[in-house]
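Written out below as structure tokens is the structure these notes cover.
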Amino acid sequence: MKLLLVNPPYQIEKYYGRVAKLGFNFPPMAILCLAAYIRDKGHEVKAYDFQANEEDFFSLLDDFKPDVVGITCHTALVYSTIDLSKKIKQVLGACRIIVGGSHPSVRPQDLLAEGSIDIVVRGEGELTLLEILEYLEGKKNLPDILGITYRDESGALIANGDRPLIKDINTLPMPALDLLPHDRYRASPDMRVGKKVMMLSTARGCPYRCTFCAMKESFSQTYRSRSVENIFKEIDFYVQNYSADGLFIVDELFTANKKRVLEFCNLMIEKGYSKSISWWAQTRADCVDDEMLKVMRQAGCRMLSFGIESGVDRLLKSIRKNITIKQVKNAVKMVNKAGIDARGSFILGLPGETFSDSIRTILFGLSLPLQRLKFGLATPFPGTELWDIAVREGKIKENEDWDRFSLMAGYTKHEAPYVPQGRTSKQLRTLQLIGNFLFFIKPGTVISVLRYYASFGDFKGLLFSFKEFLKATFLRK
Ligand code: B12
């Protein structure tokens, strides 16, 4: 079978508005993982990323004439996915269109209603996509394929049973980065830990269940990790073939298993990568300690990103983050003591959040010795409990406008995606701008950002980012 996997156009301006230019552009991990798996099964696979490929998509479509086009989709990509599918069907009517990702996994109807998309894959996609290809080869019956939703002849939506998760993810091949123009990707300047930063997924899922997180739709509340030996096959490959000197570890929670982290770090040191590769990972305030952080720094860890979310213990409890302000203070202090930069992401406008709660969250964020910080707005993504709360409060419309689901709405024309009782969108948007600006002008931030740019001699980039951020904060359009 000929399969073309696509990352559709992501109009970042819609979601990041005036700070879009400060964004980063990373290769679409989902597409690369699926491509590697299906190619390994003997099918002919190509990939196309509208955020990176320069050649014209429709010329490729015409040259390759794929039997199947697979499109990855999260909420910010719903409209562009449908629009692209319509155009594909107009030029290649016989081609089957399959869509998967965090949004279609929970709301397949949003993607199937228009009619151009044939099948939605819910959850983890490797095995399901393979079976769909076997079905198109006449080797399998559609009703027997787990993890899909499709329309039958009468147009009714048929949802087959859920696909069990892959038990051992070490059996999966490494992402097929060779299928996309990897030199077209870049980390955002203030987070760039190397000249050649590669994305690395060392585990799938997260054992925690925060109410605002939409991750569980892909990997439901599980945590499956790759062995350190398996991970280093990929790192070795990136060093030998792409001269990688930076890693962006995309796991939701890299430090879930301390023993594995220490094993990973000791091998980074043993292989000498600790001197040539800097890396960035995500964690929680209750999943780090002095011993682990010390070894992580020695192993080249340059930045750790914490989901801190709020400066109010009551709210941390209500969103089931299950960390405390005290733990956050302690964790950030430990990270800095280890010589690792700390990044904190916060959410303003959580259910039950009062005006003084928002002020406490902003003051708490500014009081922490963080080198990077982002105040985002509560966004009720489908499949989250926050979505269920918003539905109960009558804040979700039947035909929703998915363009308004942006964490950075304060910099866009959109209202805040979720407004707690007694609050206003205007208030939340303004607080987001003030909070991010006050952090931006903290001397510690300026010095830290300067250090990152200086290490790449990228002063042009520095001036550009400063100018863009000031414009984004003060200019209304
Ligand atoms: C890494 C990551 C990022 C990275 C890189 C993304 C990338 N380029 O791949 C960065 C930091 C850039 C990022 C940014 C954003 N992200 Co993000 N991101 C993630 C994260 C943590 C891991 C994604 C990943 O690598 N998964 C590994 C791959 C293998 O798994 P997967 O993507 O789930 O794909 C599997 C299945 O979904 C399915 N599948 C997916 N696509 C397709 C397509 C087909 C055809 C088929 C058959 C199957 C299929 O099969 C895949 C393999 O099993 C996820 C959480 C998660 N675990 O899903 C959040 C997540 C996807 N991100 C999310 C969001 C909201 C964003 C932002 C919009 C946030 C923002 N700041 O505004 C931006 C959007 C930027 C963009 N360019 O699109 C949300 C999406 C929620 C939603 N309903 O839209 C998630 C779920 C996080 C969350 N906790 O809620 N993100």
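The values are calculated or read from the model by the stated rules, or taken from the named source; none is laboratory data. Note that the structure is predicted; figures quoted are calculated from it, not measured. All Cβ positions, even for glycine, are placed from backbone atoms using ideal geometry, and neighbour counts span all protein chains on display. All accessible areas refer to the heavy atoms of the entire protein, side chains included, with ligands and DNA or RNA removed. Shrake-Rupley method; radii C 1.70, N 1.55, O 1.52, S 1.80 Å.
A 1.4 Å probe, protein heavy atoms only, puts the accessible area of Arg302 near 50 Å².
Close amide-amide hydrogen proximity is noted between Ile148 and Arg122, Asn160, each under 5 Å apart and 5 or more residues distant or on a separate chain (H modeled in the peptide plane; Pro and chain starts excluded). Annotation: per residue accessible area for the chain equals 42 Å², rounded to a whole number [probe 1.4 Å, protein chains only].
Above 15 Å, the calculated P(r) of segment 1-62 contains 57 percent of its Cα-Cα pairs. Each of Glu131, Glu263 has its accessible area taken with a 1.4 Å probe; listed largest first, they run Glu263, Glu131. Take the Kirkwood radius over Cα pairs of segment 190-474, plug it into Stokes-Einstein at 25 °C and 0.890 mPa s, and you get 123 µm²/s for translational diffusion. If you model segment 226-268 as an ellipsoid using its alpha carbon gyration tensor, with each semi-axis the square root of five times an eigenvalue, the axes come out at 19, 12, 9 Å, biggest first.
Heavy-atom surface analysis with a 1.4 Å probe gives the chain a carbon and sulfur content of 55 percent of its accessible area.
Scanning residues 5 or more positions from Val6 or on other chains, those with amide H under 5 Å from its amide H are Tyr48, Gly70, Ile71, Thr72, with H placed 1.01 Å from N in the peptide plane. Spin-label pair Asp40-Arg320: with each label point 7 Å from Cα along the Cα-Cβ axis, the two points sit 3.2 nm from one another. Here the Kirkwood formula puts the hydrodynamic radius of segment 67-224 at 17.4 Å, using every distinct Cα pair. Stokes-Einstein diffusion for the chain, with the hydrodynamic radius set to the Kirkwood value over Cα pairs and evaluated at 25 °C in a medium of 0.890 mPa s, equals 105 µm²/s. Is the shape of segment 147-271 rounded, prolate or oblate, going by the alpha carbon gyration tensor and its root eigenvalues a ≥ b ≥ c, with a/c under 1.5 for rounded and a/b larger than b/c for prolate? Prolate is the answer for segment 147-271, as a/c is 1.5 or above and a/b outweighs b/c.
Amide hydrogen proximity for Gly344: with H placed 1.01 Å from N in the peptide plane, the residues at 5 or more positions away or on another chain lying under 5 Å are Phe306, Arg372, Leu373, Lys374.
Estimated at 0.36 nm per residue, the fully extended path between Asp401 and Ser367 surpasses their Cα-Cα distance by 8.6 nm.
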